[in-house]
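Asks: Pasting a structure here, questions to come.
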Amino acid sequence: MVKNPSKKTISFYTLGCRLNQSETTVIQRTFENDGYHVVDFNHPADVVVINTCTVTENGDAETRRLVSKVNRLNPSTRIALIGCQAQMQKEKLAHLPNVQWVVGNGVKMGLQAIVEATEPQAPPQVITPTIHRERFTMPAVGIDRFHTRANIKIQDGCDFFCSFCEIPYARGRARSRVFDDILLEANALAAAGHKELVITGINVGTYEDEGKNLLDVIEALEQIEGLKRIRISSIEPTTIPDRLIQKMAEGSKLCRYLHIPLQSGHNTILQEMKRKYTVEEFSRFVQYTNNTVKEICIGTDVIVGFPGETDEHFQQTVDLLKTLPIHYFHVFSYSKRTMAQSGHLPGAVDPAVIHQRSKTLRHLSQRKRDLFYQSLVGTTQEVLFEETKGGMAAGMTDNFVRALMPSNIDLHNHLKRVDLISCQGSTLLAETSDSLSHAHSR
Ligand code: SF4
């Protein structure tokens with residue numbers, strides 16, 4: 001309900017990672033709680049918030065493109081640019097037309113109060129204070145009406161300083177959310193009907209709050225009634241305790257899913273990247289996990305074109321990814337970032353070569369994903385359905401495959417055991433003979 005009908009309209013756009021999405025949802029709730037009316041990004045609004053990303057040059061360019069689009073839709077919109085690019089490139093962003101606020105990561109969760117305190121004719125407000133290492137809480141519950149799975153932020157920042165990455169500057173040093181504050185939000189999300197929570201953060205394996213670690217968080221979430229699945233969005237390979245793998249193997253609420261960034265399949269490049277493992281250690285871990293957790297889906301991130309990456313280095317990455325039980329990869333073209341140490345390394349790779357390497361890995365990823373999907377034909381899996389359209393219900397298994405099943409009724413937010421009967425591209429076709437009487441809708 002709109003508390004104050006004279007309040008303004010606002011729209012949101014999120015660039016970048018799942019953590020940004022999770023934060024936007026919470027920020028949106030703080031505005032809604034104050035009576036703002038949230039409209040679609042393609043509709044004119046009084047205030048537009050863009051939660052920016054600076055992981056690559058493309059992310060930077062996307063902000064400028066979005067600002068132009070907003071100005072074409074409504075030249076009197078006041079624009080707030082918040083997040084990573086705002087933290088790193090405040091001068092550039094403050095000069096873009098109609099940008100009223102540039103708000104960094106340390107204070108962006110308080111955006112609503114900043115917007116309210118700004119006079120209509122005020123000059124651009126640039127607020128990007130230094131981010132301190134402090135435990136934190138979140139200002140609202142991120143109930144997400146548009147997605148079946150809800151994100152829950154438990155951690156921010158990073159101390160690892162990988163040489164290609166600006167995150168320790170854009171988001172500050174590693175810090176963790178107050179343990180009880182996580183549980184408060186998780187309980188509220190479960191009470192609102194969310195059956196799956198996705199744990200998000202920058203380096204979630206380093207979570208630490210008054211002696212509690214990531215496993216403590218997962219075990220506490222498992223106790224919450226109504227919550228059926230807990231998924232970890234992405235985790236650094238060196239921070240995964242063995243107990244976590246055992247939990248997946250035991251069939252707990254923890255999804256059989258791991259996204260662990262590899263970045264390169266060659267030790268020389270890994271060393272230059274300042275990653276904390278060797279190819280051999282990573283491989284052993286992936287093999288062990290795949291042997292321990294039946295039907296687990298393992299995904300990874302790879303960077304192509306890191307300075308000094310030769311054809312031989314790249315080929316070793318391809319060969320490794322071909323042989324390891326990794327089921328898909330996100331491929332990133334190397335992008336020089338101002339604060340990242342790798343900016344000083346010699347051996348820049350030709351953009352045409354980067355493009356070709358990226359294409360090679362994307363094709364390989366698609367093939368491996370298809371093979372994984374095919375390997376699940378004939379198995380029974382539990383699917384959390386997300387939508388029903390044109391007589392077909394679509395959802396995800398806990399091991400992160402998309403399943404489609406004929407249905408004449410809306411299965412949104414129903415959890416059902418289904419038989420996977422065939423594979424069509426990147427979708428598995430499912431059927432069930434169960435009655436729906438046990439399913440609960442949100
Ligand atoms: S682990 Fe490395 S890549 Fe990941 S956020 Fe930290 S510094 Fe960046």
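Bear in mind that the values in this text are calculations on the coordinates, not laboratory data. Just so you know, these numbers come straight off a predicted model, no measurement behind them. Glycine gets a Cβ as well: all are built from the backbone with ideal geometry, and neighbour counts include every protein chain shown.
Asks: Any idea what the relative contact order of segment 380-438 is, in percent, if you count C-alpha pairs under 8 Å spaced at least 6 apart?
Replies: Values: 127 pairs, mean separation 19.2, N = 59.
It comes to 32 percent, rounded to a whole number.
Asks: Using the alpha-carbon centroid of each, what span in Å lies between segment 327-404 and segment 86-128?
Replies: One Cα centre to the other: 34 Å.
Asks: Let me check against my output: what whole-number percent is the relative contact order of segment 89-222, with C-alpha pairs under 8 Å and at least 6 apart?
Replies: Values: 195 pairs, mean separation 31.1, N = 134.
So the answer I get is 23 percent.
Asks: For the chain, what is the calculated [θ] at 222 nm in deg cm²/dmol (nearest 500), taking -39500 (n - 2.57) for each run of four or more DSSP H residues and dividing by its residue count? The partial results should precede the final answer.
Replies: Numbers: 13 runs with 141 residues, N = 442.
That calculation yields -9500 deg cm²/dmol at 222 nm.
Asks: Cut-off under 16 Å on the C-alpha distance; same-chain residues fewer than 8 positions from Lys247 excluded. Which lysines are left, in chain and number order?
Replies: Lys228, Lys294
Asks: On to the next question. If you place +1 on the Cβ of every Lys and Arg and -1 on the Cβ of every Asp and Glu, how big does the dipole about the Cα centre of segment 77-164 come out, in debye to the nearest 20?
Replies: Numbers: 9 positive and 7 negative charges, 41 e Å.
Dipole size: approximately 200 debye.
Asks: Using only the Cα atoms of segment 132-255, what do you get for the radius of gyration and for Dmax, in Å?
Replies: Using the Cα atoms of segment 132-255, the pair Rg, Dmax is 14.3, 42 Å.
Asks: What length, rounded to one decimal in nm, is gained on full extension from Glu431 through to Val39, with 0.36 nm per residue of separation minus their alpha-carbon distance? Present the calculation step by step, with values, prior to reporting the outcome.
Replies: Details: separation 392, 0.36 × 392 = 141.12 nm, distance 3.75 nm.
Using 0.36 nm per residue and subtracting the Cα-Cα distance, I get 137.4 nm.
Asks: Per the Kirkwood treatment, what hydrodynamic radius in Å, one decimal, follows for segment 65-155 from the mean inverse distance over all distinct Cα pairs?
Replies: Details: mean 1/r = 0.0676 Å⁻¹.
Evaluated over segment 65-155, this radius sits at 14.8 Å.
Asks: Sequence neighbours fewer than 8 away in the same chain don't count; with that in mind, list the aspartates and glutamates whose C-alpha is under 19 Å from Lys7.
Replies: Glu32, Asp34, Asp40, Asp46, Glu116, Glu119
Asks: Give me the base-10 log of I(q)/I(0) for the chain at each q in 0.06, 0.07, 0.08, 0.12 Å⁻¹, Debye formula, one uniform scatterer per Cα, rounded to two decimals.
Replies: -0.27, -0.37, -0.49, -1.14
Asks: Output the direction-averaged projected area (hull surface divided by four) of the convex hull of the alpha-carbon atoms of segment 335-402, in nm². Intermediate values should be presented prior to the final figure.
Replies: Values: hull surface 33.6 nm².
The Cα convex hull of segment 335-402, projected and averaged over all directions, gives 8.4 nm².
Asks: Pick out, in residue order, every one of the GluC sites (Glu not before Pro) in segment 169-229 that is DSSP loop and has at most 15 other C-beta atoms within 10 Å; say none if there are none. Present the calculation step by step, with values, prior to reporting the outcome.
Replies: On the way: sites: Glu185, Glu196, Glu208, Glu210, Glu219, Glu222, Glu225; in loops: Glu210, Glu225.
For GluC sites (Glu not before Pro) across segment 169-229 that sit outside H, G, I, E and B with at most 15 neighbouring Cβ atoms in 10 Å, the list reads Glu210, Glu225.
Asks: Treat each spin label as a single point 7 Å out from the Cα along the C-beta direction, and report the Ser252 to Ala220 distance in nm.
Replies: Here the answer is 1.4 nm between the modelled labels.
Asks: When only C-alpha pairs under 8 Å and at least 6 residues apart count, what is the relative contact order of the chain, in percent?
Replies: Numbers: 906 pairs, mean separation 43.6, N = 442.
RCO, the chain: 10 percent.
Asks: Please compute the net charge surrounding Thr56, taking Lys and Arg as +1 and Asp and Glu as -1 over other residues with Cβ under 15 Å from its Cβ.
Replies: Details: positive: Arg64, Arg65, Lys336, Arg337; negative: Glu57, Asp60, Glu62, Glu166, Asp301.
Summing Lys/Arg as +1 and Asp/Glu as -1 gives -1.
Asks: While we're here: How about Lys389: which lysines have a C-alpha closer than 19 Å to its C-alpha, ignoring those fewer than 8 places off in the same chain?
Replies: By straight Cα distance, Lys389 reaches Lys416.
Asks: Also: Out of the trypsin sites (Lys or Arg not before Pro) in segment 143-206, which ones are loop residues according to DSSP with at most 12 other C-beta atoms within 10 Å? Mind showing how you got there, number by number?
Replies: Details: sites: Arg145, Arg149, Lys153, Arg171, Arg173, Arg175, Arg177, Lys195; in loops: Arg145, Arg171, Arg173, Lys195.
Sparse-neighbourhood loop trypsin sites (Lys or Arg not before Pro): Arg145.
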